[in-house]
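Peer 1: Take a look at this one; I'll ask things after.
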Amino acid sequence: MLIALALLGFGICVLLGGCAIGERAPAAEPTPFVPEVTIFAPQGQPAAAPPPASGSSDAPAAPPPVAMDPRGKIEGIEDFVCPNPRPAPSAFGYGIQSNWPVGDIGLFNSIMAEQLKMDWTKAQVRWVDFEPNARGQYELYKWQLLDAFTADANKKGLNILFGVLDAPAWARPQNAVPGRPDLLGPPDNYEDARIFIEKLLARYKGCVQAIEVWNEMNLDREWTIASRQIKASDYVAFLDAVVPTIRQIDPNILVLMGALSPTGANITQDGVTQVIDDLAYMDQFVAAGGPSRVDCIGVHLNGYNMPPDKEWNEGYNDPTARFRGPFDSPHPSWSFKSTMRLYYEKTRKPLCVTEFGWASMENLKRSDGSPTQGAPPGFDFALDNSEQEQADWIVQGFQIMRNSGYVKFAIVFNLDYIQKVGGEPDQENVSPYSITRRDGSPRPAFEALKAMPR
């Protein structure tokens, strides 16, 4: 059985879709059109008055509109114009991720920007959703949703990270594995990815401050190619194909290495590489010259059931923990602090933490109101973390990253997936990370972030 091959017990997580924070959530129904975008005034302030009628002497002089780069044009929908173009800020950034395509986009952007006082958010852009059937055949409503989200988030002061991943089937007939649609990856011809990214960034130039190029390339479910091997040198070749176009379109945008899954394991079966230890992959990335291609190293920090200030080898032990991996089989990838430190020491590049959080099953209910039964497969560590620990450790994690001097921004996973993905929190693996409940009420982590000193 494959699970038996896992080192340190980590393979249970990676093979069952666990331990990498929520990137394979159950599919949710998209927001019906027209996109809901409610504009909310900041708390305690009146809503802005409607603009004066055209021709009124009281009308302020509007700045001239900035025309969209023509490479971003999508036939059948209006051009996008960024309301307030700006580069990424230099100060440490605080962010959180919403399941942005689902529900009232404006409401959740307002919660992030105005209640939680965040200044970064993340939108995953799954290429397969936007251009599913053939090159140039676009799913128009997906672009309209992204238009609405991007414009509204920008108006509310949120800096935006786009995470680009998942080539459509038409672009990877050789790389795809018949009968395994779950094994995703890059296109056969990297030029196809370059063309899509060119369209994406030309359309949203000025509103997107950072782009994460792919996701968790040390897992075969994210990086399956014809050779069935996982090598950082292949990913560096992919960067070489797309990064020059990114920089030509927007010299100000931050280019991120796709974050790895903190696996701590190497798993190969019948000559097929399924999982690479994230630290070993990072060594390969450095040897292939990868750090010179990017501005920032994308990072996923899955807290497991360890506080953020504990190194992997300092002897920390929670004798009450049911999930024993970090304590009985110590490895740097269990540790928030060790993973972050070692990535920086290996690459000597700034870090951009595109997902971090702690899962907690405490007080979560099933859809019928009954108590949950255990934790999602591979996520037993969520049974060890109380809601208060989730709150305290997220705030402490922000403080550690801000004080490190080498983290540019960090984004919490997640605000609201429990409200949006369907399924039951003891069966799907994103709800335990949510800082709200199914009914939208806040968990302690929500209140802790509201009160967190910046």
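Peer 1: Got a sec? Charge dipole of the chain, +1 on Cβ for Lys and Arg, -1 for Asp and Glu; which of Thr339, Ile267, Pro85 is way out at the positive end?
Peer 2: Pro85
Peer 1: Please report the net charge: other residues with Cβ closer than 13 Å to the Cβ of Lys337, K and R +1, D and E -1.
Peer 2: Numbers: positive: Lys310, Arg341; negative: Asp309, Glu311, Glu314, Glu345.
Net charge in that neighbourhood comes out at -2.
Peer 1: Using a 7 Å offset from the Cα along the Cα-to-Cβ direction at both Val81 and Tyr316, what is the distance between the two label points in nm, to one decimal?
Peer 2: For the pair Val81/Tyr316, the computed spacing is 5.1 nm.
Peer 1: Here's something else I'd like to know. Give the relative contact order (percent, whole number) for segment 329-454; include only Cα pairs under 8 Å separated by 6+ residues. Before the final figure, lay out each step's value.
Peer 2: Numbers: 180 pairs, mean separation 36.2, N = 126.
Relative contact order for segment 329-454 comes out at 29 percent.
Peer 1: Further question: Let me spell out the model: positive unit charges on the Cβ of Lys and Arg, negative unit charges on the Cβ of Asp and Glu, origin at the Cα centre of the chain. What dipole size does that give, in debye rounded to 20? Let's see the in-between values first.
Peer 2: Details: 40 positive and 54 negative charges, 169 e Å.
My answer is approximately 820 debye.
Peer 1: Explain nothing, just the number: relative contact order of segment 76-146, from Cα pairs under 8 Å at least 6 residues apart, as a whole percent.
Peer 2: So the answer I get is 32 percent.
Peer 1: Quick check: residue separation of Trp170 and Lys73 times 0.36 nm, minus the Cα distance between them. What number comes out in nm?
Peer 2: Details: separation 97, 0.36 × 97 = 34.92 nm, distance 2.16 nm.
Working it through step by step, the gained length comes to 32.8 nm.
No lab work stands behind these numbers, since they all come straight from the coordinates. Owing to the predicted nature of the structure, the values given are computational and were not obtained by experimental measurement. Cβ atoms come from the backbone with ideal geometry, glycine included; neighbour counts cover every protein chain shown.
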